Amino acid sequence: MKNILTNLFNKKNRGRTLSFIIVILAYAGIEILTHSVRVSRLFTSLLVPTCCYIVLALSLNLVVGFSGELSLGHAGFMAIGAFTAVCVSGLIGSVIVNDILRLIISIIAGCVVSGIFGLIISVPVLKLSGDYLAIVTLAFGQIIKSLINNIFFGYDANGLQFSFVNNSLELQNGKMLLSGPMGATDTAKISNFTAGIILILITLYVIYSLIDSKYGRTIMAARDNRIAAESIGVNISKTKTLAFVISASLAGAAGALYALNYSTLQPSKFDFNTSILVLVYVVFGGLGNINGTMISTTVLYILPELLRSLRDYRMLIYAVVLIVVMQVTNSARVRELVNRISSKVFKKREVRL
Amino acid sequence: MKKLLVVLLSILCVLSLAGCSNGGNGGGNSGEDAPAADETVYVKLGCSGPLSGDAKVYGEAVRNAAQIAVDEINASDSNIKFEFNMADDEADGEKAVSAYSSLYDWGMQVSLFTVTSGSGAAVAANYDEDKIFAITPSGSATALVYTAEKNFPGNFQMCFTDPNQGVASADYMAEHFADKKIGIIYKSDDVYSAGVYEKFMSEAAAKNLNVVYKDGAFTNDSATDFSTQLTAAKDAGADLVFLPIYYQPASLILKQASDMGYAPTFFGVDGMDGILTLEGFDTSLAEGLYLLTPFAADADDELTKHFVDAYVSAHGETPNQFAADAYDCVYAIHQALENIGYNSMYSTNALYDDMIAQFTTMTFNGLTGENMTWAENGEVSKAPKAVIIENGVYVSAD
């Protein structure tokens, strides 16, 4: 017993344990709160999307932070996961009545399909690096959005029906699952906060397992010095593909959870801005910093809602806060000041920021 | 240690949000005694629309006009007055749910729903579940009031639905331009435009309209250059081009068509309204443009003049159809509240039921039409007006 505890809190595992503790504590706190006092509707409505964005940001951090490649098309994977899940959930809705089982199957489907797309994309993408990779992923995100914008998909007594660009479906008593630019409508809202937290925990487990493994070390070695890593026999493209595919499938799972939280969903949601938004969460929390990513996502996602009372100045203040925090956390003078204060307060010489 | 501090701070931040709840939804139901006859009651009127982002012009038009109507009503001697709260939803479904939730927490009793269709579709089910009466000024997709699976009994529309606009346009063309060759340019990734297009095409087929060019789709990313579509329409011999789109891209189409010497008759729907007030647009390009709109700012009836004067003096610009619809919504809600004799004894559920009963039976005269009525499914019935632009003003075209 003692062994396990010391093992959990030794230097190597401390970060991982802290992450799990934060998530579980937050879950417990929020559950107690929602069951004991009457919390606002706004608060409960933000829980699931916050979980989705945390998973998304964590998965993007795997690519941007650990693998060191700038990906600007993450919303594309989210979209694939989202619309796959909506279709699967719609199709199995009449067969599987249990919402939890239906949710799990839909999320797994979103995860798998998105992972497959990740694998396909990684072939041309990971041959590139730096700006080129950023541009290709950006294009990928746009392509996915445009594709989904043109897909008409539904089912009726005659089976599945599909058409592209122009809607030629004539369903007899059937149901449209995807209708082009109008996206998915009448989706059953089966996502819940507990599922979101479980998804975060699974994501954390996957990411920590990966980065603590042999593959994780080669991924980071390839990031820090590609030539040196190659010279000792690391298969760069294989390790990068692994990180990219895992990231894509996690983003797909997040998209699935997200889609099943709303009754309608339009492809235009998954545009360039969404990719950038998630990237902001990652950069704000620190590249390669998992706890930082979770906290920054929560704060940045909730901040605009907290600022609702400011009305017209809301987005202005939000932007100012973003700029100020980015500047302050990156300013050497402020860091030094914080270090000095905290070393005085906590009587420690070295404090990591 | 520092990390722990950050964690604590962010948890605090989250909790403070949870603590915002206090309004509840029982507003206006405080007193148990019978209401005095001349007692003034305030009804909490909510609305969500884009106040930031790309579509903010629409949200602001609705907010400004609704505010004018609310101020007028509150200054009148009516006992039923409004508290108006508009939340920003950035024309995004996800934000619309947050905006709806914040309005719910505030204690919204009746609502102007959402300004845009996409947001409205996302919260239509919420209004239905919470039984809050809502009428949208400008969310024209049918998904706001009913879907293939269910009808939302308390959700209503002040504007025409997309299908109705498509059908009305095709009918108008069949009546007046039966021998024209028709080309269409539309925005395929926009719910509004694609919705109108789809119904127009099926009605056009039913009325045997001669559609010679129907593949003129563009998307948000290609909404700056229309030379391909215009050239194709010209080559196909189209002498009437139907533009079921908003006025910004339409203004570019008019400009580019004029540059390439292509001069068909252009025909728009209500999204075209506003083109004359677009900054930097040469209004002579819009000469001869037909549009189907419920509201013309230059109409010379008393009500329109009064509204346009109030709007111009408050905001310095001519109101568009979004503004007119919002103004009508507030007055229609007020009329219904007067009719049911709303007082502080009303419970939220009774208000919801009585408002539905009232809206499906009453007749309303407003800026955007005479003798408007509403169907059970929430769609409005009013006559679309076709106007043609002559010498920079709308002229009724019949």
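Mind checking which residues of segment A:57-98 are more than 19 Å from A:Leu178 (Cβ to Cβ) and of a type outside the set (A, V, I, L, M, F, W, C)? Don't jump to the end; show me each part of the working.
Start the filter on segment A:57-98 by keeping residues that are more than 19 Å from A:Leu178 (Cβ to Cβ), which leaves A:57-74, A:95-98.
Residues satisfying the conditions are A:Ser59, A:Asn61, A:Gly65, A:Ser67, A:Gly68, A:Glu69, A:Ser71, A:Gly73, A:His74, A:Asn98.
Is it fair to say A:Ser191 is surrounded by fewer than 16 Cβ atoms within 10 Å (Cβ to Cβ) and within 30 Å of A:Asn291 (Cα to Cα)?
Spelling it out, it is not the case that A:Ser191 is surrounded by fewer than 16 Cβ atoms within 10 Å (Cβ to Cβ) and within 30 Å of A:Asn291 (Cα to Cα).
Listed here are the residues, each with its yes/no results for (1) touching a helix residue (DSSP H, G or I) at 6+ places or on another chain (Cβ under 8 Å); (2) closer than 24 Å to A:Ile120 by Cβ.
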| site | (1), (2) |
| --- | --- |
| A:Tyr205 | no, no |
| A:Met220 | yes, no |
| A:Val245 | yes, yes |
| A:Ala254 | yes, yes |
| A:Ala259 | yes, yes |
| A:Tyr262 | yes, no |
| A:Leu279 | yes, yes |
| A:Gly285 | yes, no |
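Every residue in segment B:180-197 that is at the interface with chain A (Cβ under 9 Å from one of its Cβ atoms), touching a residue at least 12 places away in the same chain (Cβ under 8 Å) and under 15 Å from B:Gly268 (Cα atoms), please. Lay out the reasoning, then the answer.
If we filter segment B:180-197 for residues that are at the interface with chain A (Cβ under 9 Å from one of its Cβ atoms), which is where we start, we get B:187-191, B:193-195.
Still in the list and also touching a residue at least 12 places away in the same chain (Cβ under 8 Å): B:187-191, B:193, B:195.
Listed by number, the residues that qualify are B:Lys187, B:Ser193, B:Gly195.
Looking at segment B:272-280, is at least one residue polar (S, T, N, Q) and in contact with a Lys or Arg (Cβ under 8 Å, 6 or more places away or on another chain)?
As a first pass, look at segment B:272-280 and keep what is polar (S, T, N, Q): B:277.
From what is left, the residues that are in contact with a Lys or Arg (Cβ under 8 Å, 6 or more places away or on another chain) are none.
Within segment B:272-280, not a single residue is polar (S, T, N, Q) and in contact with a Lys or Arg (Cβ under 8 Å, 6 or more places away or on another chain).
Restricting attention to segment A:182-212, and to residues there that are polar (S, T, N, Q) and modelled with pLDDT of 90 or more, which single residue is nearest to A:Ile54 (Cα to Cα)?
Per the criteria, the residue is A:Thr203.
Mind checking whether some residue in segment B:126-140 is within 12 Å of another protein chain (Cβ to nearest Cβ) and free of Cβ contacts under 8 Å to residues at least 12 places away in the same chain?
Yes, because at least one residue in segment B:126-140 is within 12 Å of another protein chain (Cβ to nearest Cβ) and free of Cβ contacts under 8 Å to residues at least 12 places away in the same chain.
What number of residues within segment A:169-194 are within 11 Å of chain B (Cβ to nearest Cβ), under 15 Å from B:Ala121 (Cβ atoms) and touching a Phe, Trp or Tyr at 6+ places or on another chain (Cβ under 8 Å)?
The qualifying residues number 7.
For segment A:128-161, which residues satisfy the criterion of being part of a helix (DSSP H, G or I), closer than 19 Å to A:Gln266 by Cβ and not aliphatic (A, V, I, L, M)? Please lay out each step first, then the result.
In the first step, residues of segment A:128-161 are kept if they are part of a helix (DSSP H, G or I); the result is A:130-149.
This time we only want the ones that are closer than 19 Å to A:Gln266 by Cβ, so: A:141-149.
Once the filter is applied, which keeps residues that are part of a helix (DSSP H, G or I), closer than 19 Å to A:Gln266 by Cβ and not aliphatic (A, V, I, L, M), segment A:128-161 yields A:Gly141, A:Gln142, A:Lys145, A:Ser146, A:Asn149.
Residues being buried (at least 24 other Cβ atoms within 10 Å of the Cβ) and of a type in the set (Gly, Ala, Ser): count how many of those fall in segment B:156-169. Working first, answer last.
Initial filter on segment B:156-169 (buried (at least 24 other Cβ atoms within 10 Å of the Cβ)): B:156-162, B:165-166, B:169.
Going one step further and asking which of them are of a type in the set (Gly, Ala, Ser), we end up with B:166, B:169.
Result for segment B:156-169: 2.
A:Ala139 versus (1) of a type outside the set (Val, Ile, Thr); (2) touching a residue at least 24 places away in the same chain (Cβ under 8 Å); (3) surrounded by 15 or more Cβ atoms within 10 Å (Cβ to Cβ): which is the lone unmet condition?
Evaluating A:Ala139 over (1) of a type outside the set (Val, Ile, Thr); (2) touching a residue at least 24 places away in the same chain (Cβ under 8 Å); (3) surrounded by 15 or more Cβ atoms within 10 Å (Cβ to Cβ) leaves (3) as the failure.
Which fully enclosed strands (runs of 3 or more DSSP E) of segment B:299-398 have 3 or more residues being out of contact with any strand residue (DSSP E or B) (no Cβ under 9 Å at 6 or more places or on another chain) and among the β-branched types (Val, Ile, Thr)? Before you say what the answer is, go through the steps one by one.
Numbers: elements: B:364-366, B:369-374, B:385-390, B:393-396.
By residue number, no strands (runs of 3 or more DSSP E) qualify.
Residue check: is A:Leu210 assigned to a helix (DSSP H, G or I) and in contact with a helix residue (DSSP H, G or I) (Cβ under 6 Å, 6 or more places away or on another chain)?
yes
Any residue at all in segment A:299-306 that's touching a helix residue (DSSP H, G or I) at 6+ places or on another chain (Cβ under 8 Å), closer than 18 Å to A:Gln327 by Cβ and buried (at least 20 other Cβ atoms within 10 Å of the Cβ)? Even if it seems obvious, please write down each step before you answer.
The initial filter retains those residues of segment A:299-306 that are touching a helix residue (DSSP H, G or I) at 6+ places or on another chain (Cβ under 8 Å), namely A:299-306.
With the extra rule that they be closer than 18 Å to A:Gln327 by Cβ, the set shrinks to A:299-300, A:303.
When the remaining residues are screened for being buried (at least 20 other Cβ atoms within 10 Å of the Cβ), the result is A:299-300.
The answer is yes, given that some residue of segment A:299-306 is touching a helix residue (DSSP H, G or I) at 6+ places or on another chain (Cβ under 8 Å), closer than 18 Å to A:Gln327 by Cβ and buried (at least 20 other Cβ atoms within 10 Å of the Cβ).
Condition check ((1) surrounded by fewer than 24 Cβ atoms within 10 Å (Cβ to Cβ); (2) among the charged types (D, E, K, R); (3) in contact with a Phe, Trp or Tyr (Cβ under 9 Å, 6 or more places away or on another chain); (4) not assigned by TED's automatic domain parsing to the domain that holds B:Tyr246) across all residues:
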| residue | (1), (2), (3), (4) |
| --- | --- |
| B:Lys81 | yes, yes, yes, yes |
| B:Val115 | no, no, yes, yes |
| B:Ala125 | yes, no, yes, yes |
| B:Phe133 | no, no, yes, yes |
| B:Ala141 | no, no, yes, yes |
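Let me spell it out: the conditions are (1) touching a residue at least 40 places away in the same chain (Cβ under 8 Å); (2) at positive phi, and B:Gly280 meets all of them except one. Which number is the exception?
Just one mismatch for B:Gly280, condition (1).
Against the conditions (1) surrounded by fewer than 15 Cβ atoms within 10 Å (Cβ to Cβ); (2) within 11 Å of chain B (Cβ to nearest Cβ), where does A:Phe43 fall short? Just the number, please.
With (1) surrounded by fewer than 15 Cβ atoms within 10 Å (Cβ to Cβ); (2) within 11 Å of chain B (Cβ to nearest Cβ) applied to A:Phe43, the lone miss is (1).
Mind counting the residues in segment A:162-192 that are part of a loop (DSSP other than H, G, I, E, B), small (Gly, Ala, Ser) and within 24 Å of the chain's Cα centre (by Cα)? Step through it out loud before you land on a result.
Going through segment A:162-192, the residues part of a loop (DSSP other than H, G, I, E, B) turn out to be A:165-174, A:183, A:185-192.
Still in the list and also small (Gly, Ala, Ser): A:168, A:174, A:183, A:188, A:191.
Adding the requirement that they be within 24 Å of the chain's Cα centre (by Cα) leaves A:183, A:188, A:191.
Number of matching residues: 3.
Any residue at all in segment B:148-155 that's touching a helix residue (DSSP H, G or I) at 6+ places or on another chain (Cβ under 8 Å), surrounded by fewer than 24 Cβ atoms within 10 Å (Cβ to Cβ) and within 22 Å of B:Ala236 (Cα to Cα)?
Within segment B:148-155, not a single residue is touching a helix residue (DSSP H, G or I) at 6+ places or on another chain (Cβ under 8 Å), surrounded by fewer than 24 Cβ atoms within 10 Å (Cβ to Cβ) and within 22 Å of B:Ala236 (Cα to Cα).
Where in segment B:190-265 are there helices (runs of 4 or more DSSP H), lying fully within it, with 2 or more residues that are closer than 21 Å to B:Gly166 by Cβ and modelled with pLDDT under 90? Outline the logic, then answer.
Numbers: elements: B:191-206, B:227-235, B:247-259.
So the answer is B:191-206, B:247-259.
Here is a yes/no grid of residues against (1) within 24 Å of A:Leu56 (Cα to Cα); (2) crowded, with 17+ Cβ neighbours inside 10 Å; (3) of a type in the set (Asp, Glu):
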{"position": "A:Ser114", "(1), (2), (3)": "yes, yes, no"}
{"position": "A:Leu119", "(1), (2), (3)": "yes, no, no"}
{"position": "A:Ile144", "(1), (2), (3)": "yes, yes, no"}
{"position": "A:Asp156", "(1), (2), (3)": "no, no, yes"}
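Residue under question is B:Val70, and the condition is that it be more than 16 Å from the chain's Cα centre (by Cα) and at pLDDT 95 or above; does it hold?
On the way: more than 16 Å from the chain's Cα centre (by Cα): yes; at pLDDT 95 or above: yes.
Judged against the criteria, B:Val70 is a match.
Can you pull out every residue in segment A:3-31 that is aliphatic (A, V, I, L, M) and either at the interface with chain B (Cβ under 10 Å from one of its Cβ atoms) or within 23 Å of A:Ser296 (Cα to Cα) (or both)?
Our first condition is that a residue be aliphatic (A, V, I, L, M); within segment A:3-31, this holds for A:4-5, A:8, A:18, A:21-26, A:28, A:30.
Those that are aliphatic (A, V, I, L, M) and either at the interface with chain B (Cβ under 10 Å from one of its Cβ atoms) or within 23 Å of A:Ser296 (Cα to Cα) (or both): A:Leu18, A:Ile21, A:Ile22, A:Val23, A:Ile24, A:Leu25, A:Ala26, A:Ala28, A:Ile30.
Can you pull out the residues in segment B:79-102 that are more than 9 Å from every other protein chain (Cβ to nearest Cβ) and touching a Leu at 6+ places or on another chain (Cβ under 9 Å)?
Residues of segment B:79-102 more than 9 Å from every other protein chain (Cβ to nearest Cβ): B:79-85, B:89, B:91, B:96.
Residues satisfying the conditions are B:Ile80, B:Phe82, B:Glu83, B:Phe84, B:Asn85, B:Asp89.
The values are calculated or read from the model by the stated rules, or taken from the named source; none is laboratory data. Predicted model only: the values in this text are computed from it and were never measured. Don't worry about glycine lacking a Cβ; one is built from the backbone with ideal geometry, like all the others, and counts go over all protein chains shown.
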